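Here the structure comes first, spelled out in structure tokens, and everything after it is commentary.
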Amino acid sequence: MVKSTDKLWSRRVTNTSNALDLETGVFTLDEPREIALSLQRSALRSRRRRVDPFRSAMSMLNFYINRSGRKLPLCQRKILELAKDELRDVFDRPRKQSRVCR
């Protein structure tokens with residue numbers, strides 16, 4: 001039988017690891033730009049990160065998307081995927097080139 005604490009490992013990772021101290025409700029915002037700006041503020045302010053602010057912010061965004069899995073509504077997933085490009089913009093990083101299927 002799985003202990004209830006084992007089910008909440010992602011919460012423990014977010015709270016106790018060298019992750020960012022995020023603003024409340026950042027991943028539920030409706031605007032990709034606002035999500036990116038909030039992650040940028042958190043990454044620049046945080047003392048708990050081990051890597052540069054951009055990588056910390058992108059890691060937290062990917063962590064949330066991956067842990068949400070199928071429970072994440074499609075419209076919110078699209079907003080979070082767009083937030084990745086916005087995050088690249090606010091940190092002056094090049095956007096990923098879109099792949100063309102052959």
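The values are calculated or read from the model by the stated rules, or taken from the named source; none is laboratory data. None of these values were measured; they are calculated from a predicted model. A quick note on method: Cβ atoms are made from the backbone with ideal geometry, for glycine too, and the neighbour counts reach across all protein chains shown.
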List the residue pairs whose Cβ atoms are under 7 Å apart, where the first residue sits in segment 78-98 and is within 14 Å of LEU61 (Cα to Cα), the second is among the small types (Gly, Ala, Ser), and the two are 6 or more positions apart or on different chains. ALA83/ALA36; GLU86/ALA36; LEU87/ALA36; LEU87/ALA57
Which pairs turn up if I take residues in segment 55-67 that are within 17 Å of GLU34 (Cβ to Cβ) and surrounded by 14 or more Cβ atoms within 10 Å (Cβ to Cβ) and look for partners that are at pLDDT below 90 and of a type in the set (Val, Ile, Thr) with beta carbon separation below 9 Å, at least 6 apart in sequence or on another chain? MET60/THR14; TYR64/THR14
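Kindly indicate whether THR5 is at pLDDT below 90 and not in a loop (DSSP other than H, G, I, E, B). Explain how you work it out, then say what you get.
Values: at pLDDT below 90: yes; not in a loop (DSSP other than H, G, I, E, B): yes.
Yes, satisfied.
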When residues of segment 42-77 are limited to those that are over 13 Å from the mean Cα position of the chain (by Cα) and part of a helix (DSSP H, G or I), the one farthest from GLN97 (Cα to Cα): ARG45
